[in-house]
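Worksheet: one structure, shown below.
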Amino acid sequence: MLRAAIVEDEPVYAQLLESYFTRWCADKGITGSVSVFTNPILFLDPYRAEYQVVFMDIQMPKMDGYTATREIRTLKDTKKANVPIIAMTANAFEEDRKACLDAGMDEHIGKPIDIPLLKSAIIKLLAKS
């Protein structure tokens with residue numbers, strides 16, 4: 001079972017990403033499970049589940065994706081602290097990508113979502129973990 005967390009305040013993007021991820025899992029013959037969180041505070045408090053990948057929006061109410069990622073990276077549970085995090089953002093300039101990586105994210109995918117790039121990022125990050 002491959003578990004993913006989607007931290008996204010925009011329902012349309014959350015639904016699209018959930019659909020893409022579950023379809024990708026099915027194509028690979030993997031059972032996929034997705035949990036959707038409308039803001040990082042709901043995801044972080046408490047972060048109990050084991051996820052193999054987190055899709056993190058950057059601009060959200062209450063807490064941005066940069067802050068949420070930094071908090072994840074400081075968790076005492078190293079498995080949870082090192083979960084692959086893919087930034088999902090409309091901010092697609094190189095400085096935005098750098099800011100995501102500097103915050104501790106593993107990959108940066110622009111919106112609208114580029115499906116081949118998303119699939120490639122998932123494969124790359126899961127191979128590392």
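The values are calculated or read from the model by the stated rules, or taken from the named source; none is laboratory data. Nothing here was measured: the structure is a model prediction, and the numbers come from that model. Methodologically, a virtual Cβ is constructed for each residue, glycine included, from the backbone with ideal geometry; neighbour enumeration extends over all protein chains shown.
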* Criterion (within 13 Å of the chain's Cα centre (by Cα), crowded, with 17+ Cβ neighbours inside 10 Å and free of Cβ contacts under 8 Å to residues at least 60 places away in the same chain) met by exactly one of V7, V34 -> V34
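Per-residue answers, yes or no, for (1) touching a strand residue (DSSP E or B) at 6+ places or on another chain (Cβ under 7 Å); (2) charged (D, E, K, R):
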| position | (1), (2) |
| --- | --- |
| E18 | yes, yes |
| W24 | no, no |
| Y47 | no, no |
| I58 | yes, no |
| A68 | yes, no |
| D77 | no, yes |
* Asked: Given the residues Q52, Q59, which is the only one that is out of contact with any Phe, Trp or Tyr (no Cβ under 7 Å at 6 or more places or on another chain), farther than 17 Å from L125 by Cβ and either crowded, with 17+ Cβ neighbours inside 10 Å or not aliphatic (A, V, I, L, M) (or both)?
  -> Q59
* Output yes when any residue across region 105-128 is touching an Asp or Glu at 6+ places or on another chain (Cβ under 7 Å) and either of a type in the set (A, V, I, L, M) or assigned to a helix (DSSP H, G or I) (or both), and no when none is. => yes
* **Exclusive hit being within 14 Å of the chain's Cα centre (by Cα), at pLDDT below 95, more than 16 Å from K119 (Cα to Cα) and not charged (D, E, K, R), set Q52, Q59** => Q59
